[in-house]
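These notes are about the structure you will find just below.
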Amino acid sequence: MTPTAWTLAAREVAPAGAAVVEERPEARRLAETVQGRVAVVTGGATGLGRATCMEFAQRGTAVAFNYLDLPGRDVAAQALLTETAIRALGVPVYCARCDVRRRQDVEQFVVAVRERLGGVHFLVNNAGVTHDGALWRLTPEAWQEVLDTNVTGAFNCIQGVAQPMRAQRFGKIVNVASHQAFRPGFGISNYAASKAALIGLTKSAAVDLGPSNINVNAVAPGFMKTELLTTLPREVLERAEHESVLGRVAEPEDIARVIVFLCSDAARHITGQVIVVDGGLTLA
Ligand SMILES: NC(=O)c1ccc[n+]([C@@H]2O[C@H](COP(=O)([O-])OP(=O)(O)OC[C@H]3O[C@@H](n4cnc5c(N)ncnc54)[C@H](O)[C@@H]3O)[C@@H](O)[C@H]2O)c1
């Protein structure tokens, strides 16, 4: 059996025959371990992305986020509001328009983050889109757009931060999947496939990056009260509320806090996992 890194490290310092003592994190300080770090949140202007930026900022983490203008939405204005709210909490912030589908743009964004905020410790792949339609009517463009953003976009960002995170032997990556990866509703074959693929990417990235002390996990939210949800028929939302064991639809903060937990030292031994945060929706 291959010895774990900590036993190897301990052996290097402990004299032969001496008991190996593992260094244990102090419980009270675990919650503070995101303070002073730098988090990158994709699609951070709105919804869950914004809530995640705010959760980090409230704990003293510097925040970089990117966004893309979406048809019919005022994302650039929302980005300015998010940036202002983060700055008001007194932490450094950097925000830029950057399309996660474009590898070169992502590389430039990561360089800018490191220059302006001094590093990159956490990556939250939150940017995601839907383009629903019955499977037999789904256009190749609708399929591609969703796969390109939700999967290739996350891959581009993971590749973008992998080099600095590997060099510093530290990093936490959290991908935002969905309960729809396990229990899809009607007309979302592209979205369900993209989120299932994102879970596969989470597990394989955890394997590849684990030896460099980088944890990679996913959260799978149920329905959440964001603008994205307003595109769904009202009956879907009512059914979700009714079917959820806890009888409610999540606020974005309910998921954001779990994302921040996964970036803290309290979660240092969790990797390659999917945490379902759906109020028990998938139990029903
Ligand atoms: N709202 C829900 O019920 C729900 C449920 C499960 C999972 N999710 C997931 O949560 C995440 C956030 O969704 P939300 O509800 O906050 O929706 P949202 O539409 O408010 O947020 C998505 C953000 O992604 C950004 N974005 C889209 N394409 C991009 C690209 N190519 N490059 C950079 N940024 C891009 C947008 O600018 C937007 O700010 C998504 O991954 C979504 O699939 C949402």
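We did not get these values from a lab; they are worked out from the coordinates using the rules stated. These numbers come from a predicted model, not from an experiment. Using ideal geometry, Cβ is built from the backbone for each residue, glycine included, and neighbour counts are taken over all protein chains shown.
Net charge around Asn215, counting only other residues with Cβ within less than 15 Å of its Cβ (Lys, Arg = +1; Asp, Glu = -1)?
+4
Taking K and R as +1 and D and E as -1, what net charge do the other residues with C-beta under 11 Å from the C-beta of Gly272 add up to?
Local net charge: 0.
Using Cα positions and a limit of under 22 Å, work out the lysines in reach of Lys203, with same-chain residues fewer than 8 apart set aside.
By straight Cα distance, Lys203 reaches Lys172, Lys195.
Give a quick list of trypsin sites (Lys or Arg not before Pro) in the range 137-215 that DSSP marks as loop, anything other than H, G, I, E or B, with at most 14 other Cβ atoms within 10 Å.
Arg169
Separation between the Glu235 and Asp69 pseudo-spin-labels, each 7 Å from Cα along Cα→Cβ, expressed in nm?
3.7
Which length gain, in nm to one decimal place, applies between Arg137 and Leu81 when the Cα-Cα distance is subtracted from 0.36 nm times their residue separation?
The Arg137-Leu81 span can extend by a further 16.4 nm.
Beta carbons within 10 angstrom, averaged per residue: use that to sort the peptides 141-149, 121-129, 69-77, highest first.
Ranking the peptides 141-149, 121-129, 69-77 by packing returns 121-129, 141-149, 69-77.
Over the Cα atoms of the range 158-204, what is the Rg over Rh ratio if Rh follows Kirkwood? Before the final figure, lay out the partial values.
Working: Rg = 13.9 Å, Rh = 12.1 Å.
Reported Rg/Rh, Kirkwood definition of Rh: 1.14.
When the Kirkwood radius is taken over all Cα pairs of the chain, what Stokes-Einstein diffusion coefficient follows at 4 °C and 1.567 mPa s, in µm²/s?
66
What's the local net charge at Gly47, with K and R +1, D and E -1, over the other residues with C-beta under 14 Å away?
-3
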